[in-house]
Amino acid sequence: TQDEWMDLAERIDHIQGNDLWRSDPKCFLYERDRISARIDEFIHLMRRRDIFDLMFTLRGGIARNKFGLLHEGLFSRAMAGSKILVETYHSVVCAALDF
């Protein structure tokens, strides 16, 4: 199952030290500060229920390779996923799209 696969992937990442890589937001492959700021902006707009600005911000950001979020190196190291910051960004964007 998917859950079993993820459990094994997380164990392998732990053995190889990739769990530490995933949890460390520092990385030369992406713009950490800009990603964090965009996450905060999405959350702020959702809390304010500012649909217009939320749509405007989403349209301007998700169709492009912003801040290095699509860099191949972020998706080829760990088996259980990418950097936690990247996964958080993707989760917040999905929440904003569902908002």
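Per DSSP H run of at least 4 residues, take -39500 (n - 2.57); add these up for the chain, divide by its residues and hand me the 222 nm value, nearest 500 deg cm²/dmol. List each step's numbers first, then the result.
Values: 5 runs with 64 residues, N = 99.
Computed ellipticity for the chain at 222 nm equals -20500 deg cm²/dmol.
Out of the trypsin sites (Lys or Arg not before Pro) in segment 40-99, which ones are loop residues according to DSSP with at most 13 other C-beta atoms within 10 Å? Mind dumping the intermediate values first?
Working: sites: R47, R48, R49, R59, R64, K66, R77, K83; in loops: R49, R64, R77, K83.
Here the sparse-neighbourhood loop sites are R49, R64.
Please list, ordered by chain and number, the residues whose modelled amide H lies under 5 Å from the amide H of M79; skip anything fewer than 5 residues away on the same chain.
It is D13, by chain and number.
For segment 20-99, what are Rg and Dmax over the alpha carbons, in angstrom?
12.9, 38
Length gain on complete extension for the stretch T88 to R64, per 0.36 nm per residue less the alpha carbon to alpha carbon distance?
On the way: separation 24, 0.36 × 24 = 8.64 nm, distance 1.75 nm.
Between T88 and R64, full extension yields an extra 6.9 nm.
At a Förster radius of 41 Å, what calculated FRET efficiency corresponds to the Cβ-Cβ distance of F56 and T1, to the nearest 0.05? Display every interim value, and only then the final one.
On the way: r = 40 Å, r/R0 = 0.97.
Result of the calculation: an efficiency of 0.55.
Taking the simple approach of a point 7 Å from Cα along Cα-to-Cβ for both R48 and I12, what is their distance in nm?
In this crude spin-label approximation the distance works out to 4.4 nm.
If you count only protein heavy atoms and use a 1.4 Å probe, how large is the accessible surface of E10, to the nearest 10 Å²?
It works out to around 90 Å².
May I ask you to give the solvent-accessible area per residue for the chain, in square angstrom, as obtained with a 1.4 angstrom probe?
Solvent-accessible surface per residue comes out at 68 Å².
Report the extension gain between K26 and A95 in nm, rounded to one decimal, defined as 0.36 nm multiplied by the number of residues separating them, less their alpha carbon distance.
That works out to 22.4 nm of additional length.
The values are calculated or read from the model by the stated rules, or taken from the named source; none is laboratory data. Remember, it's a predicted structure, so these values are computed and weren't measured experimentally. Every residue, glycine as well, gets a Cβ built from its backbone with ideal geometry; the counts of neighbours run over all protein chains shown. The protein model used for the area step is the full one, side chains on, heavy atoms only, and it has no ligands, DNA or RNA in it. Shrake-Rupley method; radii C 1.70, N 1.55, O 1.52, S 1.80 Å.
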